[in-house]
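The values are calculated or read from the model by the stated rules, or taken from the named source; none is laboratory data. Just so we're clear, the structure is a prediction, and the values are computed from it rather than from any experiment. Methodologically, a virtual Cβ is constructed for each residue, glycine included, from the backbone with ideal geometry; neighbour enumeration extends over all protein chains shown.
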Amino acid sequence: MDRIEPAYDVSDEYRPEPEPIPEPPAWQDGSFRIGIHTSIAGDIAGALDTASKLGANALQIFSASPRMWPRGGTRIADADAERFRARRTALHLGPLVIHDNYLINLASPERVMRARSIQAFHDELVRAVSLGADFLVAHPGSCMGSEKSQAISEIAQGMRQAARGMKLGSLRILVENTSGMGSAVGARFEELKAILGETGDLPMGVCLDTAHTFEAGYDITTEEGLGRTLDVVDRTVGLDRVYVLHVNDSKTPLGSRVDRHENIGHGKMGLKAFGRILNHPRLGPGPQGLAGRTFILETPIDKPGDDRRNVRALWELVGVDPKQVPEAADGFSMVRKKKRSSTQRAHRPQEKKEKKGGAKARKSKKR
């Protein structure tokens, strides 16, 4: 008797479900994202509250001291990282940008310095992932006498080595353009393009600093100059890879190659230039821009309240409906007014009496 084979049914075949496409983060909602660099002194989670009190909806921090080599990697305790992530969610802040240590120089021709820099950059990546950061901004480094092409290869190789074996998740590394001070790499966008080209296996992008761009010789203070510069950026690194802009005015003139930040509208670039930058259709969150592209202030705080005023200045320049602007805490600043010492307070009444006495003496002389 012939055996009858059951009919083949394609629906019987096992088909693994495709991996779900991750939902975009809440901060990629098409709204303006304006942030400021805040201090982690005391409690790292306090940096989040500081940004919120200044009227920002994004922020940048250092994850450890930026001017010291970390001891033992300076890892963040799991409980502190969890508390940080929960507080950020509660305050609806994003994206979170971390700036790397100023001492790191992946381009250094000195072997010990370069090895130390690679380890420190690895530690930066570990802390950034732990905190749930979206971006890690890195200065390319200084070639210190070596050829730029060699320095670029060293930077790229150093980044790859630092990230080896790590799961970066949604973290993206952003290379920042520089003013070109000394032997710094990255003043020309072609140099950033070369770094991106040699780190194709990493999630990479660019952070564009307005002051550095101006100081490197790109005149972004006029409509024509800004348009030409954006064309250069698009032709080299691609505007779609510029995820963060550091919004800083410059104390030094066009092409100075000297990196000195100034409060918005008080420097050589001027307030009108920032109005054009923030509202340029290729830079904003609109159809021609990039959803979630973020504007981060790194401006000085010369007087208490400068930080709050700079954040407010950006919101005013973008012309968002005031109802959509995060509310700042009245009088809040990262810098407080200096309190007079007890000696100064004790002498002040006497000083007033002396001033009054002097005024009376002047009046009697006139008579």
Can you tell me which residues in region 98-117 are of a type in the set (Val, Ile, Thr) and part of a loop (DSSP other than H, G, I, E, B)?
ILE104
If you take the residues in region 146-164 that are of a type outside the set (A, V, I, L, M, F, W, C) and within 19 Å of ASP134 (Cα to Cα), which one is surrounded by the most Cβ atoms within 10 Å (Cβ to Cβ)?
ARG160
Out of PRO18, PRO22, PRO66, sole residue that is under 18 Å from the mean Cα position of the chain (by Cα) and modelled with pLDDT under 95
PRO66
Condition check: assigned by TED's automatic domain parsing to the domain that holds ALA291 and in contact with a helix residue (DSSP H, G or I) (Cβ under 7 Å, 6 or more places away or on another chain). Does ALA81 satisfy that?
yes
Result of the Cβ filter at 7 Å on region 35-63, keeping first residues that are over 17 Å from GLY331 (Cβ atoms) and partners that are surrounded by 21 or more Cβ atoms within 10 Å (Cβ to Cβ) and of a type in the set (D, E, K, R), at least 6 apart or interchain, is LEU48/ARG88; ASN57/ARG33; ALA58/ARG33; SER63/GLU124; SER63/ARG127
Do any helices (runs of 4 or more DSSP H) lying entirely in region 126-229 carry at least 1 residues that are closer than 24 Å to ALA273 by Cα and in contact (Cβ under 8 Å) with a residue 60 or more places away in the chain, and which ones are they?
210-215
Considering LEU125, LEU106, LEU59, which residue is closer than 30 Å to ASP321 by Cβ and either surrounded by fewer than 13 Cβ atoms within 10 Å (Cβ to Cβ) or in the same structural domain as ASN248 (by TED's automatic domain parsing) (or both)?
LEU59
Could you say whether any residue in region 84-103 is assigned by TED's automatic domain parsing to the domain that holds GLY35, in contact (Cβ under 8 Å) with a residue 12 or more places away in the chain and farther than 28 Å from ILE34 by Cα?
no
Return only the number of the condition from (1) within 21 Å of the chain's Cα centre (by Cα); (2) farther than 19 Å from LEU208 by Cα; (3) surrounded by 14 or more Cβ atoms within 10 Å (Cβ to Cβ) that ASP302 does not satisfy.
(3)
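A quick yes/no check of all residues on (1) of a type in the set (A, V, I, L, M, F, W, C); (2) assigned to a loop (DSSP other than H, G, I, E, B); (3) touching a strand residue (DSSP E or B) at 6+ places or on another chain (Cβ under 9 Å):
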| site | (1), (2), (3) |
| --- | --- |
| ASP43 | no, yes, no |
| THR50 | no, no, yes |
| GLN60 | no, no, yes |
| PRO66 | no, yes, yes |
| THR74 | no, yes, no |
| ALA79 | yes, no, no |
Out of all the residues in region 194-217, which are over 22 Å from SER108 (Cβ atoms) and surrounded by fewer than 24 Cβ atoms within 10 Å (Cβ to Cβ)?
GLY200, ASP201, PRO203, GLY205, GLY217
Quick one: in region 257-284, of everything that is among the β-branched types (Val, Ile, Thr) and within 12 Å of LEU314 (Cβ to Cβ), which residue is surrounded by the fewest Cβ atoms within 10 Å (Cβ to Cβ)?
ILE277
